[in-house]
1. Placing unit charges on C-beta atoms (Lys and Arg positive, Asp and Glu negative, everything else neutral), compute the dipole magnitude of the range 160-217 about its Cα centre in debye, rounded to 20.
2. Compare the peptides 170-176, 187-193 by average per-residue count of other Cβ atoms within 10 angstrom and give them in order, highest first.
3. Among LYS191/LYS218; LYS90/LYS183; LYS70/LYS183; LYS160/LYS183; LYS146/LYS191; LYS146/LYS167, which pairs are too far apart, with a Cα-Cα distance over 18 Å?
4. Can you show me the helix-derived [θ] at 222 nm for the chain, built from DSSP H runs with n ≥ 4 at -39,500 (n - 2.57) apiece and divided by the number of residues, rounded to the nearest 500.
5. Given labels modelled 7 Å from the Cα in the Cβ direction, how far is it in nm from ASP120 to SER98?
6. Is the shape of the range 59-103 best called rounded, prolate or oblate, per the rule: a/c under 1.5 gives rounded, else a/b larger than b/c gives prolate, else oblate, with a ≥ b ≥ c the square roots of the Cα gyration tensor eigenvalues?
7. For SER7 and HIS219, what is the calculated FRET efficiency with R₀ set at 41 Å and r taken between the beta-carbons, to the nearest 0.05?
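None of the figures in this text is laboratory data; all of them are computed from the coordinates on show. Note that this is a predicted model, so its numbers are computed, not measured. Cβ sites come from the backbone with ideal geometry, for glycine too, and all protein chains shown count toward neighbours.
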Amino acid sequence: MQHSSLSFLLVDDHPFILEAYKNGIVSFCENSPVFYEAFDCRSGYELIQEVGNKIDIAFLDISMPHFFEKNIKSGLDLALLIREKFPRVKIVILSMHSENMHIEEIMDQIAPEGMIIKNDLNFPDLIYMLERIVADDTFLSETIVKMIQDERYRYMGINKMDKIILKLLSQGETVKNIASDLKLNTTILQKRLHSLAYIMEVPEQSDLALLAKYAQEKHII
């Protein structure tokens, strides 16, 4: 993904936060980015339906006014909608509070390219996050990383399905075959594997054989 011309969906019910995101994005992009802005679940849903195929990166706040008619209760529901209809879109999940970040659920269902506690995010980090995401990498803010690295949380993002996937990898199965056997979307599976590599601190995150080896050494499988 080139950052010369990018389109962003920004959904947050705090206008001043939207402006901060926009300032950072404008500094990052070589050419003027396109912004689609929404302030609650309803307007976010409507924008996704209208311009979802034009979006490159979506910033989604978790806690916002609901859209009950479509059962959209949070930014996570909007993220699920994007993953279903526009899987190429890169997703950044944001929250003001760490207790809203149910890491296991978010990684399992959405596999976002970014997860951020808003108080962690400063201007340099925003630029760094965009660089990583545009390079098809992932970004977790400081508090999220500490939660994962804490002994109580270290492997909380690894669920039963992940262990099945890692076991199949250790048996030499390809990503394509695993996706087919488990009826998973290949793109989401690849992103999930990348997140697992991050959680397990695998030095070369694209090395699936090394990922499987680490899973065995850490007694995850």
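1. I would put it at about 280 debye.
2. Most protected by this proxy first, the peptides run 187-193, 170-176.
3. Pairs exceeding the cut-off: LYS191/LYS218; LYS90/LYS183; LYS70/LYS183; LYS146/LYS191; LYS146/LYS167.
4. Calculated mean residue ellipticity at 222 nm is -14500 deg cm²/dmol.
5. 0.9
6. oblate
7. 0.40
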